[in-house]
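Each reported figure results from applying straightforward, stated rules to the coordinates on display, with no laboratory input. These figures come from a predicted structure and were not determined experimentally. Don't worry about glycine lacking a Cβ; one is built from the backbone with ideal geometry, like all the others, and counts go over all protein chains shown.
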Amino acid sequence: MIQNRNSPQPTPPAPPVAPSSRVNSFLAVFVFIMALYMVFTQVWPRIMANTVGRRMVDPRGELMEIEKTTTQLFQHSAPSVVFITNAQDRWDRRKREVFSVPSGSGSGFFWDETGHIVTNYHVIENADDIIVPMSDQTSFKAVVVGSSREDDLAVLRPRDPLTGYIKPITMGTSDDLQVGQEIFAIGNPFGFDLTLTRGIISALNRDLPQQNGVVLQDLMQTDAAINPGNSGGPLLDSASRLIGVATAIISPSNANAGIGFAIPVDRVQQVVPQLIKHGKAVKPIFGVRLAMNKLRNNGVVKEVLTIKRVYPNTPAERAGLLGEHSERGFTIPGETLLEIDGQPIRDMDSFNDVMTHYEVGNTVTIKVRAHSLSASIVKELELTLVARPDG
């Protein structure tokens with residue numbers, strides 16, 4: 001067959017690429033990518049740092065275990081803590097209208113899922129309006145459910161139902177606390193919300209007189225920083241459990257001096273349900289009036305706590321206790337109160353200390369010394385505590 005020279009010629013096949021050429025191309029691309037990686041991750045940050053005077057950040061390892069415990073404690077408990085602001089109404093004569101004036105602030109925490117909030121009595125004392133900002137930046141108005149001046153405790157609830165999630169505080173106990181144990185406080189000192197401080201339990205069973213004449217008994221003492229605004233906030237153990245409620249400080253400057261006090265949670269557990277149910281703390285009694293009296297026993301004159309009077313229709317009367325009475329024309333002192341459930345009673349302070357651990361309906365065994373003209377005898381009897389008439 002004769003080919004025309006002017007017709008297109010077929011393209012010859014490309015020669016095969018050598019395997020070494022492919023490897024070299026791949027290596028070149030890999031080296032180029034690695035070079036870019038080094039530039040952007042190592043060289044360029046150093047250039048930028050040197051340009052603006054900044055230093056490279058050295059990576060750190062994991063947090064220490066004690067740091068992990070503290071951060072986890074805060075993350076777990078902070079949603080349960082609230083900021084409480086106390087406002088009082090004032091009358092503006094010029095504008096003829098009522099306006100609200102902030103008069104104090106404190107802390108509190110959710111007690112249960114229904115929204116009850118526990119705080120100090122002195123935080124909400126004389127409040128006309130109570131505003132509660134929460135950790136999610138929302139706030140609501142609250143009303144007082146119940147309060148106890150003698151215990152410096154109060155319970156609030158939202159004026160309107162809350163729609164968001166309520167996280168109650170995790171509950172602990174205070175009957176096994178030890179001096180030296182770590183303690184954590186979350187509160188709002190000086191209005192700075194959700195502040196965590198840390199310390200130890202410095203002492204137990206402290207009594208603290210207040211300016212209003214009330215003596216707060218069996219308090220915990222701590223060196224954790226507690227300042228104005230911490231009042232009513234929770235004190236927690238290292239397991240994130242509530243073990244106390246911050247209530248007072250001792251400081252010449254009204255700021256933290258390392259001596260703060262908290263109401264033990266076991267006392268809070270007694271009082272708060274009463275405030276929710278009755279609106280007040282219901283104090284237990286057995287129906288007597290007590291007084292200190294000097295009596296001679298085995299030739300020694302001692303000052304003892306005696307029953308001055310037994311009130312009618314009370315457990316004391318039904319148990320047969322005797323107050324001061326007359327015998328053959330002589331005035332006989334009432335029976336001396338010696339023990340309650342094995343705990344010695346020396347004076348009114350020891351009696352009040354013991355009684356704080358009981359509730360209405362508890363049955364107790366008391367030991368008394370009965371007096372007469374002829375002799376004195378010790379007797380034991382049981383009686384059940386009832387509510388004090390004035391609550």
Practice task
Extending each Cα 7 Å along its Cβ direction at M171 and R159, get the distance between those two points in nm, one decimal.
Solution key: 3.0 nm
Exercise for the section: Can you tell me the FRET efficiency between S25 and V57 if r is taken as the Cβ-Cβ distance and R0 is 25 Å, rounded to the nearest 0.05? Expected result: 0.10
Problem - Sites T331 and V214, calculated FRET efficiency, Cβ-Cβ separation with R0 30 Å, nearest 0.05 - result: 0.30
Exercise for the section: Taking H placed 1.01 Å from N in the peptide plane, check which residues at least 5 places from V143 or on another chain put their amide H under 5 Å from its amide H. Expected result: R157, R159
Fill in the blank from the handout: Length-normalised contact order of the stretch 106-250, Cα under 8 Å, at least 6 apart, in percent, tallies to 25 percent
Practice task
For the stretch 63-79, take each phi angle, set θ = phi - 60°, evaluate the Karplus expression 6.51 cos²θ - 1.76 cosθ + 1.60, and give the result in whole Hz per residue in order, putting x for glycine and proline.
Solution key: 5, 5, 4, 5, 6, 4, 4, 5, 5, 5, 4, 5, 4, 6, 9, 4, x
Completion exercise
Per its Cα gyration tensor (rounded if a/c is under 1.5, else prolate when a/b beats b/c, else oblate), the stretch 182-278 is best filed as rounded
Practice task
Highest first, please rank the peptides 266-279, 118-131, 234-247, 349-362 by the mean number of other Cβ atoms sitting within 10 Å of their residues.
Solution key: 234-247, 118-131, 266-279, 349-362
Practice task
Could you work out how far apart the two model spin labels at Y311 and T69 are, taking each label as a point 7 Å from the Cα in the direction of the beta carbon, and quote it in nm?
Solution key: 4.8 nm
Exercise for the section: Using the Karplus curve 6.51 cos²θ - 1.76 cosθ + 1.60 with θ = phi - 60°, work out ³J(HN,Hα) for each residue of the stretch 234-250 in order, rounded to whole Hz, and write x for Gly and Pro. Expected result: x, 10, 10, 8, 6, 9, 6, 9, 5, 10, x, 10, 4, 9, 7, 9, 10
Practice task
Determine ³J(HN,Hα), in whole Hz, for all residues of the stretch 334-351 in sequence, where each value follows from phi through the Karplus function 6.51 cos²θ - 1.76 cosθ + 1.60 and θ = phi - 60°; x replaces Gly and Pro.
Solution key: x, 4, 8, 7, 9, 8, 10, 6, x, 8, x, 10, 10, 7, 5, 5, 5, 5
Fill in the blank from the handout: Here the relative contact order (percent) of the stretch 180-264, from C-alpha pairs under 8 Å and at least 6 apart, is 29 percent
Completion exercise
Long-range amide H partners of G229, meaning residues 5 or more apart or on another chain whose placed amide H is closer than 5 Å, are F190
Handout entry: Amide H partners (placed H, <5 Å) of Q210, local residues excluded
Key = V215, L216
